[in-house]
Amino acid sequence: MAVSVAAQKTVYMTENNEQVHGILAEFASPADLYHAAEKVRDAGYDKWDTYTPFPIHGMEEAMGIKRTILPVFVFFGGMTGAGLGFLMQWWISTQEYQMMVQGKPFGDFASGGWQNFVPITFELGILLSAFTAIIGMFALNGLPRHNHPLMKKERFLASSDDKFFICIEAGDAKFNPEKTRDLLERAGATSIELVEE
Amino acid sequence: MTALPTSLPHDAHQHGHEHRHAPVEGGLPQRLRGDNINFPQGAGGGISMALMVLGVLLVAGGLAAAFSGAGGVSLKHGIAAYLVGAFTVLAICIGATFFVMVNYLVNSGWTSTIRRQVENIMAFLPYAWLLLLPALAIEIAKGGVLFTWMNKENATDYLLNKKATYFFFPLHVGEFPAFFVVRTLFYGLFWWFITSSLIRLSNEQDRTGDRWLTAKAVRLCSWGLPVFALTIAFSGFDYLMSPDFKFFSTMWGVYFFAGAVFSAIATITLVINVLLRKGKLKGCVSEEHFHDLGKFQFAFTVFWAYIGFSQYFLIYYANIPEETAFYNHRNAFGWDKLGILLMVGHFIAPFFILLSRHVKKHFNLMIPISLWCIAMQVADMFWILRPMAYTPTPLKDANGVLIAVQEATSVGPGLAGGYLDALLIFGMFAIFAGYLIRKVASGPLVAVNDPRIHEAVGHKNYV
């Protein structure tokens with residue numbers, strides 16, 4: 001394996017002169033994977049992921065994943081929607097073009113003019129929080145993407161069937177071809193292979 | 001037949017998280033035995049008796065004051081205040097019963113360790129119904145005080161005649177409200193039957209350990225819940241809506257239900273919080289349970305507001321006089337401040353506070369929040385019932401044409417004779433609290449032989 005040092009970080013190349021994406025390790029059972037994940041977490045890696053056919057309870061703790069920031073985004077998205085929705089209606093129907101509907105009060109907040117605005121304020125609050133949730137989730141997950149280096153691996157297809165995987169990426173600051181492979185071996189991997197970019 | 005787990009939940013070791021693993025070898029784990037789930041014999045007996053006696057004295061004193069008219073109060077005011085107290089307690093019991101039934105029906109595991117406390121609250125439901133009876137008896141004996149549709153002088157009212165069947169069948173307007181009384185008896189019988197049956201099954205399971213009793217309870221709930229739902233809606237129509245007999249809202253039943261579950265969840269959280277502070281239920285109830293109860297609290301905060309606003313907005317838009325009269329009365333004479341308190345205190349404040357999971361999981365923070373939510377249920381019942389006991393002074397011109405209505409007293413409707421409201425509401429709560437303390441202290445605090453108990457002991461929210 002040839003190693004070349006780029007300006008900032010180490011880029012690992014294979015003998016065929018292809019850039020290394022990371023090291024993929026296969027595990028036989030959810031328990032093996034869970035304990036392996038704990039070891040990888042404790043070793044201090046942060047650019048890595050686990051791949052399983054089904055969700056495993058507690059995996060986020062074993063991997064040391066922190067709470068997502070998404071709910072905060074959604075809160076502010078929702079508040080923005082509700083605020084803008086209210087402002088829009090207030091401006092349109094009391095400032096720009098006053099329109100009396102069914103003799104209901106408008107403009108005069110003290111006599112209940114705000115009541116007409118509640119449904120649309122609510123709906124826009126919901127709409128923008130839903131948009132923020134969906135778009136924010138995609139953005140935080142790095143989606144959409146057209147391909148992933150792991151898809152090239154025949155073995156990896158079993159991750160949607162009956163096998164469990166960990167992939168530690170070469171971009172990780174602690175990544176080291178020998179030490180990382182050694183760590184995964186000691187963690188109980190049944191097979192380990194290199195993934196090209 | 002409901003599928004029950006035939007063995008303990010599959011070994012958590014497979015999934016490799018020992019931290020949630022309950023020690024199950026050799027029968028019940030330590031945390032489900034002894035002092036952790038039992039009070040000593042006769043614990044809380046003194047305070048329970050004191051509270052119940054105090055409650056009965058307060059309520060009796062309140063009713064006596066209402067009859068005598070001391071301090072500018074009327075019997076109408078007394079009945080309204082009495083119903084505010086009784087209906088808040090009834091709403092809490094109704095919400096608790098719903099909580100038990102719905103958790104049986106969805107086969108929920110996490111509620112196993114808290115279900116006994118919900119059952120203790122639910123056990124008061126037949127007594128809460130009994131508490132309604134004095135008010136109804138006074139109404140019928142006096143020919144309608146707050147329930148003006150019983151008045152002889154309203155017998156010619158066009159709208160009342162349209163609704164006569166609902167109240168008087170097979171008799172006629174102004175006579176004995178036969179159908180109304182039959183419904184009242186049915187609610188009492190059904191509430192007694194469903195709560196006592198569920199509690200009996202649960203207690204029997206404590207003794208025998210027969211896991212099929214859970215399936216029996218599920219079968220009971222599967223037909224019981226729809227009937228129970230109807231009794232919630234119709235008791236709301238009968239006692240909360242009928243005093244303003246010209247008014248009608250099809251969302252009324254759902255509105256009452258939303259508030260009922262809201263206050264019940266608060267009471268459940270409070271009871272469990274007190275038990276934890278007494279050093280009980282260690283390892284049985286964790287912050288994860290509080291997280292889930294908090295989610296329920298949050299959900300019913302939003303649900304109540306959604307239903308309350310929808311009801312208001314439909315009536316506001318449709319602008320039908322007999323419907324808008326209900327809200328017009330509550331948007332004036334000082335009652336509007338109570339409406340704003342409900343909007344802020346029953347929805348906006350709990351909504352933003354309960355959004356955070358840290359709050360929901362925080363034992364100490366949930367105590368004031370739960371108390372606040374129960375207070376808001378009182379305010380909600382107060383907002384519904386008390387304005388009906390208040391008649392503003394009509395202001396007429398020389399030809400007798402109505403110009404305006406104005407406040408009858410300078411202090412505002414909520415303050416005149418306010419001691420009566422305090423007496424009756426606190427009295428009802430004292431009776432309820434006294435009963436609850438006795439009931440909680442009397443038995444094991446957890447349904448120890450529930451087939452899903454191990455699921456609840458290791459309960460965790462994975463998000």
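For region B:89-150, the relative contact order comes to 36 percent (Cα pairs under 8 Å, sequence separation of at least 6).
Would you mind estimating how fast region B:89-248 diffuses translationally, via Stokes-Einstein at 37 °C and 0.692 mPa s with the Kirkwood radius over Cα pairs, in µm²/s? Numbers along the way, then the final one.
Working: Rh = 17.2 Å.
Stokes-Einstein gives a translational diffusion coefficient of 190 µm²/s.
When the helices in chain B are scored as -39500 (n - 2.57) per DSSP H run of 4 or longer and the sum is shared across all residues, what 222 nm value do you end up with, to the nearest 500 deg cm²/dmol?
Helices in chain B give a 222 nm mean residue ellipticity of -20500 deg cm²/dmol.
For region A:6-133, what's the relative contact order in percent, using C-alpha pairs closer than 8 Å and at least 6 residues apart? That works out to 24 percent.
Only alpha carbons enter this Debye calculation for region A:70-140, each as an equal point scatterer, and the log10 of I(q)/I(0) it gives at q = 0.18 Å⁻¹ is -0.68.
Among A:117, B:180, the order by Cβ neighbours within 10 angstrom, fewest to most, reads A:117, B:180.
Please compute, for peptide A:29-35, the average count of beta-carbon atoms on other protein chains lying within 10 Å of each residue's beta-carbon.
For peptide A:29-35, the averaged partner shielding equals 3.
The HN-Hα couplings worked out from phi for region A:63-72 by the Karplus form 6.51 cos²θ - 1.76 cosθ + 1.60 (θ = phi - 60°) are 8, x, 7, 7, 4, 6, 7, 3, x, 5 Hz, whole numbers, x standing for Gly and Pro. For chain B, averaging the sequence separation of C-alpha pairs within contact (under 8 Å, six or more residues apart) and dividing by the residue count gives a relative contact order of 33 percent. Along its principal axes, chain A has C-alpha extents of 79, 40, 29 angstrom, given from the largest down. Listing B:49, B:366, A:100 from fewest to most neighbouring C-beta atoms within 10 Å gives A:100, B:49, B:366.
Above 23 angstrom, tally the Cα pairs of region B:175-330 and express them as a % of all pairs, no decimals. Don't skip to the answer; put the middle values down first.
Working: 6936 of 12090 pairs.
Percentage above 23 Å: 57.
Per residue, the convex hull spanned by the alpha carbons of chain B comes to 158 Å³. P(r) tail for the protein assembly as shown, what percent of Cα pairs lie past 41 Å? Cα-Cα pairs in the protein assembly as shown separated by more than 41 Å: 43 percent.
Only sites in a loop by DSSP and with at most 16 other Cβ atoms within 10 Å count here; which chymotrypsin sites (Phe, Trp or Tyr not before Pro) in region B:430-463 make the cut? Can you show the working numbers first?
On the way: sites: B:432, B:435, B:462; in loops: B:462.
The qualifying sites are B:462.
Would you list A:132, A:80, B:184 from fewest to most Cβ contacts within 10 Å? Write out the running numbers ahead of the final one.
Details: A:132 22, A:80 15, B:184 18.
Ascending Cβ contact count within 10 Å gives the list A:80, B:184, A:132.
Structural size metrics of region B:304-463, computed from C-alpha coordinates, are Rg and Dmax of 22.1, 77 Å.
Shown for chain B are the DSSP H helices of 30 Å or more along their axis, judged by Cα atoms, with a mean Kyte-Doolittle hydropathy of at least -0.5: B:45-68, B:75-105, B:178-208, B:212-235, B:252-277, B:287-318, B:363-385, B:418-442.
Coordinate-derived values only; no laboratory data. Worth saying up front: this structure is predicted, and the values here are computed from it rather than measured. Please note: Cβ atoms are built from the backbone with ideal geometry, for glycine as well, and neighbour counts cover all protein chains shown.
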